[in-house]
Every structure is written in C-alpha cells, then in structure tokens.
1. Rank 375, 332, 231 by how far each Cα sits towards the positive end of the charge dipole of the range 195-378 (+1 on Lys, Arg Cβ; -1 on Asp, Glu Cβ) and give me just the farthest.
2. Using R₀ = 41 Å, calculate the FRET efficiency as 1/(1 + (r/R₀)^6) where r is the Cβ-Cβ separation of residue 130 and residue 211; round to 0.05.
3. I want to check a number: in the range 195-378, how many lysine pairs have alpha carbons closer than 27 Å, given a sequence separation of 8 or more or different chains?
4. What distance in nm separates the two pseudo spin-label positions at residue 326 and residue 265, each 7 Å out from Cα along the beta-carbon direction?
5. What residues have an amide H closer than 5 Å to that of residue 197, excluding those fewer than 5 places away on the same chain, when H is modeled at 1.01 Å from N in the peptide plane?
6. Got a sec to turn the phi values of the range 277-282 into Karplus ³J(HN,Hα) couplings, 6.51 cos²θ - 1.76 cosθ + 1.60 with θ = phi - 60°, whole Hz, x for Gly and Pro?
7. Excluding residue 334 itself, what net charge comes from residues whose Cβ is under 10 Å from its Cβ, given Lys and Arg +1 and Asp and Glu -1?
8. At a Förster distance of 30 Å, what's the computed FRET efficiency of residue 272 paired with residue 295, Cβ-Cβ distance as r, to 0.05?
Amino acid sequence: MTGADVRGLGDPRSTALGAWRIDIGLHALAERRAIVDAEPLMLAVRHVAVLALHAASHVRAFEPLLIRVEQRTPGDRGQRPSVGGKAGPRPSTPLVALYPVDGTQVSYHPYVPLKAPWVDSLQQDAAAKFLAYLQQPKQQRVFLDAGFRDHTGRASSLMGPDTGTTTAGPPIVDRPPSPAVLLHIERAWQQLRKPARILFVLDVSGSMDDANKIGLMKTATQRAAKLLGDADQAGLWIFPDQPGQRDYKQLLPIAPMVGTRSGFDQAVGRLSAAGATPLFVTLLAAIAAVKTGADSDHINAVVLLTDGQNSDGNSDLGSLLKTLSDQSREESGVRVFTIAYGADADGGALGKIARASRGAAYDASKPEAIDGVLTAVVSNF
C-alpha cells in the first residue's frame, strides 16, 4: 500500500477490504505511536489514501493489474475471479496466505439476529432457528469444503502447506478499532480520499427508450451522484445532441459539486432519448475536455454509459485504444469507466476502452441492475 504500486484503496463504506486497510493503519499507528484519538489517526492514514489512483467498491475494478484478494479462501487456489460468469485462468504462481509477524486482522462472517423495534418475535424466532440450521454438521460441511473455518473455528481440510495456511490460524490477531472509530472512518471517508474530476457521458440515443432504460439510468445517475463529496467536481455530457445535429452536447461543465448538486440532478431528470450512437467521437472529445484543467491532485475520469455500438464515421478502434493508452500514462491521465447498458451494448469494445485507459469496465446488460452498477462505479472515486 505504498509508493507507485498502489492501484486503489477500497471504499470502506462498501467493501471489507477497504475498511480493513484503513483499520490496520489505525491499529498500527495507535499501537506504535500511542495515538488514540480518531482525528490524528485519520490525518496519518490520509498519507496512505492520497497515494491511491482511485478507490474501488470492488477489487475486481483493478484487474488485470492484481489478483483479487478480498474474501479469498484456500479453496480458490489462487484462481483469478470470474469475469462474465466464467472463471479466469489460474496464475503461474499460486496464491498463498501470509502471516505478518506483528499481527493481522481476521475476516469474520457474523450472523446477527437483530433485536430492534421493527423486528417482531416471530422474525427473531425464525432467525434463531435458521442459525441453528446453519450450525448443523451438514451445512457446516459446505463452509469447510469452500475453504472456510466452521463456526467453532475448526479448520478446513483445504488449509495446509500448499496454500501457505495453518490450521491454527494467525499467531497474532489484531484487535479491531472500536465502533466509535469505525463510525468516524465512514463519516470521514469523503475528506480522507483523493478528490475526483468526473465527466459523466451518457447515451441518450433512441434505443434508450426501450424497456425504460433511460428512466432507470436517470434515477441511478441521480442516486450515484449523491456519493460524490463537495470537493469532487463533475460535469455532464449526452450523446447524441439532437438527431442530425452535433455528435454530443455539454449540459454541465465540470465544476465542484458543492455548487452544482441541484443543477446536476435537474439536468439528468430532463434527459430524453433520440438519435444514433456517435461513441468514439464523443469519447475522444470527452477525454480532451477532462484533460483541460486536469491535475495529479485529482482522480481524472470519464464515466461512459452506452446501450449500443459506435455509429459515427470514426470506426478505428485500434487508433482510439492507442490514444487512450498513451494519455493514461501521463501524470494527469484520464481513466475511462465504461458501462455496457442493456443486451445490445458492445461490451467487448467497452472493455478494451476501459483497459487501454487503465479504468474499469462494468456490465449492466440487465437494465434493472444499473442502479447498483452506477453506485459501484462512482464508489471508485
């Protein structure tokens, strides 16, 4: 998590790995430097966070740069995560566990029957019975076969020298931060992370009217934008502009969210669908727009959502990919986060675009999934 090797810092609001990384930093600082107050700890851990090129709500966003380590088990044998439902190839070097000499945290999967005013006695009884069911030997065998320990701590048979694990577990387990500090981490995340300059580039071609895709997209975009902090900057483009007119249109220039939240929300709400899909021309112009005023103190990115395939006169994907790759290596390079929306989107081309720019590709082939997908995308920033 230091130097140029850092590729991302998971969002602690939505990923255990992100929370663990910050928690471990907090714990180490508290133990070694006798810092116990949340504010000084967060200021110190900020030095780790600012190194991140972007933070992701799911570590899959960093492939193929990394093997995903979040929620891995010995049963995975170092295999790359599935992509599009297909298991990826295993790396030549197997993934094994490491036990830091100064201790580590343990990934727990707790089962907690709730006791709250909105949980009635019938629901609490059902939760207790389901817990008893999960703890029966037959169900516990499923967990063991997947590489987990059972509820008593008994080790899976998959644990052993081949995976670098021990049946006894880590010799030193770090005490996690208090609930108060964890709450502080969540609330301070917007101030801790690196601010972003994002241009949302949304497809409003005629096909977006099918199955209410444009309506679902508008709602999802408005919700996702709420995750951006006041220090973040965002702009909004659509493509095409109008049938027979320009390829794209700027609805809002890139500006701090602190003064544009209402305008952004209203502009998205007014979107309507018509026209074709001038994808490549629009993307090149969007990259140029973000690079104007880009700096290394921000995450500079384009979020590109489309439900179709490129229909403009520029059909040279190879040239586009080279341009994206070349500019991504610059200090203020722009990353492209693509969303293939609906069954007709060109997921192959969008994936290549994301990889060339060192961004990430997302699949929303089922339109009803766009809310979660856009939230995941914006959690990168």
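1. My answer, from the dipole projection, is 231.
2. Numbers: r = 36 Å, r/R0 = 0.88.
For residue 130 and residue 211, the calculated efficiency is 0.70.
3. For the range 195-378, qualifying lysine pairs total 20.
4. Here the modelled spin labels are 4.3 nm apart.
5. Close amide H contacts, sequence-distant or interchain: 233, 299, 300, 301.
6. Calculated HN-Hα couplings, in order: 10, x, 6, 5, 4, 5 Hz.
7. Numbers: positive: 197, 291, 335, 358; negative: 330.
So the surrounding residues net to +3.
8. Numbers: r = 35 Å, r/R0 = 1.16.
Efficiency, rounded to the nearest 0.05: 0.30.
Only the coordinates and a few stated rules stand behind these numbers; no lab work does. Treat the numbers as computed from the prediction; the structure is a model and nothing was measured. As a convention, Cβ positions derive from the backbone with ideal geometry for all residues, glycine included, and neighbour counts pool all protein chains shown.
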